[in-house]
Amino acid sequence: MKLEIKYVKDRGTDKERLVLIDQEDCDIGRFFIFTSTAIGEKISPAVKHPFWLPDQKVKKGDLVVIYSRRGENSLRQNENNTTYFYYRGFTDPILTNGNIALIVEASTYKWEGQ
């Protein structure tokens, strides 16, 4: 996968965030983030808290940080990469009570009436 979960930082706090790393140049607008729960080695089909990443071309080694809380999207140019910050707008942490982060890449999609 081009965009991978690096880790969850400060799980269950107001600073909770999902940190993703880009493995190759891509557009992150093809990725969706969800929460779900693990059932043994499988993931529950009951996905929650959907978030479609905005269209943004990123380069290999760039970081994408997704906060659960409210905030203003931004980016920071580092010496060797760029870090993109996105905010989901929740008032409480969402990666609690056994919830895990899940990322899905959509190579194609259609919508009603298309």
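Just so it is clear, none of the values below were taken in a lab; they were calculated from the coordinates. These numbers come from a predicted model, not from an experiment.
The count of lysine pairs in the range 3-105 with alpha-carbon distances below 26 Å, taking only pairs 8 or more places apart or on different chains, stands at 16. P(r) tail for the chain, what percent of Cα pairs lie past 21 Å? That fraction is 38 percent. Diffusion coefficient of the range 52-112 by Stokes-Einstein, Kirkwood radius over Cα pairs, 25 °C, 0.890 mPa s: 178 µm²/s.
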